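The values are calculated or read from the model by the stated rules, or taken from the named source; none is laboratory data. The model shown is predicted, which means the values in this text are computed figures rather than measured ones. Neighbour counts run over all protein chains shown; Cβ positions are idealised from the backbone, glycine included.
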Amino acid sequence: MTSQPAAQVDTAQVDTGAFITDAWYVAAWPDEVTRAPLRRILLNRPVLLYRRRDGVAVALADRCSHRFVPLSLGHIEDDDVVCCYHGLRFGPDGRCVHNPHGDGAIPRAAHLPAYPLVERFGALWIWLGEGAADPARIPDFAILGDRARFASVCGVMHVAANYQLITDNLLDLSHAQYLHPGLRVADPVRLRHETRQEGDTVWSFFWRDEGVGNGLMRLLGWPEGRRGNSRAHMRWDPPSLLLLDVGIAPLADDDAPGIDAPSAHLLTPETATTTHYFWSFMRNTGRDDTALDARIRALGVQAFVGEDKPVIEAQQDNLRGADIMAMNPVLLAPDAAGTRARRIIAARLAAG
């Protein structure tokens, strides 16, 4: 593991429309996928999601091989999807199983791509590449399913921005003091930051020693005015999977319990300038408090939808499709982790 001091680091330019395909991405939360067809654009590809009668989730190309109409406009019959336009029927493996026209012969070219889809860590993961789809390559997000320790709320939002701009935002948590009033603290001193890298995993560590809790910590039960040691540690795994460890620990002479509030931020590119942002907030306090669930969800929606999203989308609009690194931005100390992540993406894309 290497550490990066707070200093300007090398930049990496990439084609904003290029994506790493040999990787696992989140396609949906499990409760989004039912017996009804669900269409989602992932890495510029139209994908159809539905469940077989036994509950297993299926992912197919959402484009009939006849006239390229979205199959999601059709319906599910038994375990198959039936095109609304001319009635071709496709099985969950993508093979055309019924042609109601002519002599009923099925053209060899009628078959569709079927994509590996795995339900793990409380999410549905899809593989859109040509390489072997080994589920062991999904980064560890077991915390998403740890119901013994955490309550959780989750959601998804659509962001009109390139996924790497969202990654930059998440790896630089110094912006919270300025952009998020609900997370702002009155004494932002003693903030320490460090970037570390191990293989292709990047960490961005922020500590605030002996400070009062922010609005989230108070919402989760930390007494107002009580001082503690706060942390906000973000882990990034390529291409765009982030896990945030947030919490506050009591000072050495304080017997108050600590608060842990991890969160997952799972980004799946839709196009070069749009992203599916899957998020999950967890907490170790008030685990059976449904009213607190609603308050946490509202805080998350306000932070993401009301504060981060407008700024990142405006940033995307200002870039006019260019990669931000191609425009020679000024780099500040908190940009170190995001720039490392960009360099890893650029290297992966260059390697094919």
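Note on the range 1-45: residues that are at pLDDT 95 or above, in contact with a Lys or Arg (Cβ under 8 Å, 6 or more places away or on another chain) and among the hydrophobic types (A, V, I, L, M, F, W, C) total 6.
To keep it simple, each residue is scored yes or no on (1) outside any loop (DSSP other than H, G, I, E, B); (2) in the same structural domain as Arg283 (by TED's automatic domain parsing); (3) touching a residue at least 12 places away in the same chain (Cβ under 8 Å).
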residue: Ala109; (1), (2), (3): yes, no, yes
residue: Ala133; (1), (2), (3): no, no, yes
residue: Ser152; (1), (2), (3): yes, yes, yes
residue: Gln164; (1), (2), (3): yes, yes, yes
residue: Asn169; (1), (2), (3): yes, yes, yes
residue: Ser174; (1), (2), (3): yes, yes, yes
residue: Tyr178; (1), (2), (3): yes, yes, no
residue: Val185; (1), (2), (3): no, yes, yes
residue: Asp209; (1), (2), (3): yes, yes, yes
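Restricted to the range 92-105, and to residues there that are closer than 28 Å to Gly55 by Cβ and of a type outside the set (Gly, Ala, Ser), the residue that is farthest from the chain's Cα centre (by Cα) is His98.
Identification of helices (runs of 4 or more DSSP H) wholly contained in the range 251-352 with 2 or more residues that are under 20 Å from Leu216 (Cβ atoms) yields 290-301, 309-319. Among residues of the range 264-306 being charged (D, E, K, R) and within 19 Å of the chain's Cα centre (by Cα), the one that is nearest to Val246 (Cα to Cα) is Arg283.
Kindly indicate whether Asp308 is surrounded by fewer than 21 Cβ atoms within 10 Å (Cβ to Cβ) and charged (D, E, K, R). Considered against the rule, which asks whether it is surrounded by fewer than 21 Cβ atoms within 10 Å (Cβ to Cβ) and charged (D, E, K, R), Asp308 comes out as no. Within the range 62-79, being surrounded by fewer than 20 Cβ atoms within 10 Å (Cβ to Cβ) and out of contact with any Asp or Glu (no Cβ under 6 Å at 6 or more places or on another chain) holds for Arg63, Ser65, His66, Arg67, Phe68, Val69, Leu73, His75, Glu77, Asp78, Asp79. Taking the range 84-107 as the range and being charged (D, E, K, R) and either outside the structural domain of Leu43 (by TED's automatic domain parsing) or outside any loop (DSSP other than H, G, I, E, B) (or both) as the test, only Arg89 passes. Glu130 fulfils the conditions (1) closer than 21 Å to Thr271 by Cβ; (2) modelled with pLDDT of 95 or more except for a single criterion, (2).
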